[in-house]
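One structure below.
The values are calculated or read from the model by the stated rules, or taken from the named source; none is laboratory data. Please read these numbers as outputs of a predicted model, since none were measured by experiment. Cβ coordinates were reconstructed from backbone atoms using ideal geometry, including for glycine residues, and neighbour counts include every protein chain displayed. Heads up: the accessible areas ignore ligands, DNA and RNA and are worked out on the full protein's heavy atoms, side chains in. Shrake-Rupley method; radii C 1.70, N 1.55, O 1.52, S 1.80 Å.
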Amino acid sequence: MNNPVTVEVMRGDHVESRHRGLAVVVDGDGDVVFSAGDVEAGVFPRSACKAMQALPLVESGAADAYGFGNRELAIACASHNGEDAHVELAGAMLARAGRDESALECGAHWSSDQATLIHQARTIDKPNALHNNCSGKHAGFVCTCTHMGVDPKGYVGYDHPLQAEIRSVMESLTGAVLGHDNCGTDGCSIPTYAVPLVGLARGFARMGTGAGLEAGRAAASKRLMEACMAEPFYVAGTKRFCTELMEVAPGKIFAKTGAEGVFCAVLPEKGLSIAVKCDDGAKRGAEAMIAGLLARYFEPESTEREALLSMAQRPLINWNGIDVGAIRVTDALFV
C-alpha cells in the first residue's frame, strides 16, 4: 500500500518536495475515528513512547520515594535540548538515589539544537551522558532500579529486569506482542519495538483517558501526562515543537516526538489520541502532520486552532527574510 502524500513543500507556486505518511486518531475505547495510510504497519515509536517507558518510575513508588514533582516526571519522558536546566535536573534526580552521571548508559552527545550547541561549545570541553537528550529518561530508569533494589548495571539490555517490565507495560498498552522478532536498538541503547501505528495511538489513548487500565496504572498515566503538560520546557526545550505544541493549549495537549518522523499527541479532555509517521523520516513532515491533525479537534476560528494551523501551514523564509514558499499539509489529513 502506498501511503498518501500528507505534506507538500512549496517553492513559489510549485511543489518542490512531497512527504508521504500514515496517521491515525483513536478515541478512549480504541475505535479509529480517522486514518490515512496503512495504520496497521509496524513502526518504531522511538522517543515518542517515553511516557510509556516512564510508567515503572511512578508505579514502583520510586518517584514518590525520591520526592519527584512535575519537572522530574516531565524530564523522565523527555527528549531535551541538553540546556543547563535539563542537565542540572537529570543530575539532581540521580543524586536523590545516591547515584551520579557514571550510572547512565545512554552515551554522550552534543545538542542537536544550534543555540544550545554553541553554548555547550563555549562552556564545556565535551558533553557527558547528562547532556544526552535521553538523560532524564535514563535517570528515571536508574532511580527505578535503585528504589526496587535491582542492580542498574546493564539496564539498557533486553534481558534486564527493568526492560522486561517496560516491555510488559508497552504490550498491555499497545496490544502488540513485543519480542526479539520486532526489536531494534534505539539511539540511547535501550530496546525499541516496531508496533502498529494504530496500536501506539491506542496505548496513548488509554494513558490519556484511563479506559481499560487498572486504577494504579490509570493514575500513574494521568500523573505523567499532567506533569508533561505542566512543564513542557522539560519535555523538549527552547524553540522545540513538542514544547510549543503544549504551550498552544496549556493542559489540553500532550505531545511527544520520536526520531525518524514519528509524533504522538493526546487531547485528554476530548479523549482522543493521535499518532503519525512520515515515511521518509523527515521531522518537518511529522511536525506539520501532527499540528494539522490537532487543529481538526479545536473549534473553528479558536485561538488554539489558528495557532496549530499556522504551525501546520508555515511559510519558508530564506536568509534574507524573503518568503520563498511554504510547508503545508494536504487534503489527505482534512478529508
Around residue 26, under 13 Å between beta carbons, what's the net of Lys plus Arg minus Asp minus Glu among the other residues? -1
Could you name the lysines in cross-link range of residue 50, using Cα to Cα under 23 Å and dropping any fewer than eight places away on the same chain? 137, 153, 222, 239, 252, 256, 270, 277, 283
Solvent-accessible area of residue 66, probe 1.4 Å, all protein chains present, reported in Å² to the nearest ten, please. 40 Å²
So how far apart, in nm, are the two label points at residue 324 and residue 238 if each is 7 Å from Cα heading toward Cβ? 2.6 nm
In this structure, the FRET efficiency calculated for residue 123 and residue 164 from their beta-carbon separation, with R0 = 25 Å, to the nearest 0.05, is 0.05
Per residue, how much accessible area does the chain show when a 1.4 Å probe rolls over the protein heavy atoms, in square angstrom? 41 Å²
Carbon/sulfur fraction of accessible area - the stretch 95-195, other protein chains in place, 1.4 Å, %: 49 percent
For the chain, averaging the sequence separation of alpha carbon pairs under 8 Å that lie six or more residues apart and dividing by its residue count, the contact order in percent is 24 percent
Within 10 Å, count the other beta carbons around each residue, average over each peptide in 3-15, 167-179, 247-259, and list them highest first. 247-259, 167-179, 3-15
Across 5 Å bins from the origin, how do the percents of Cα pairs in the stretch 133-175 run, short distances first? 5, 23, 27, 26, 15, 4
Sorted by accessible area with a 1.4 angstrom probe, largest first, how do 277, 137 fall? 277, 137
Could you check how much of the accessible area of the stretch 217-307 is carbon and sulfur, as a whole percent, using a 1.4 Å probe? 47 percent
Provide the convex hull volume over Cα atoms per residue for the chain, in Å³. 129 Å³
Under the rule of -39500 (n - 2.57) per DSSP H run of 4 or more residues, summed and divided by the residues of the chain, what mean residue ellipticity at 222 nm is obtained, to the nearest 500 deg cm²/dmol? -11500 deg cm²/dmol
Quick one: work out Rg over Rh on the C-alpha atoms of the stretch 23-105, Rh as Kirkwood radius. 1.10
Could you tell me the center-to-center distance, by alpha carbons, between the stretch 143-181 and the stretch 110-133 in angstrom? 29 Å
C-alpha center-to-center spacing [the stretch 9-75, the stretch 242-269] in angstrom: 8 Å
What net charge do the residues around residue 157 carry, taking every other residue with its C-beta under 14 Å from that of residue 157, with Lys and Arg at +1 and Asp and Glu at -1? -3
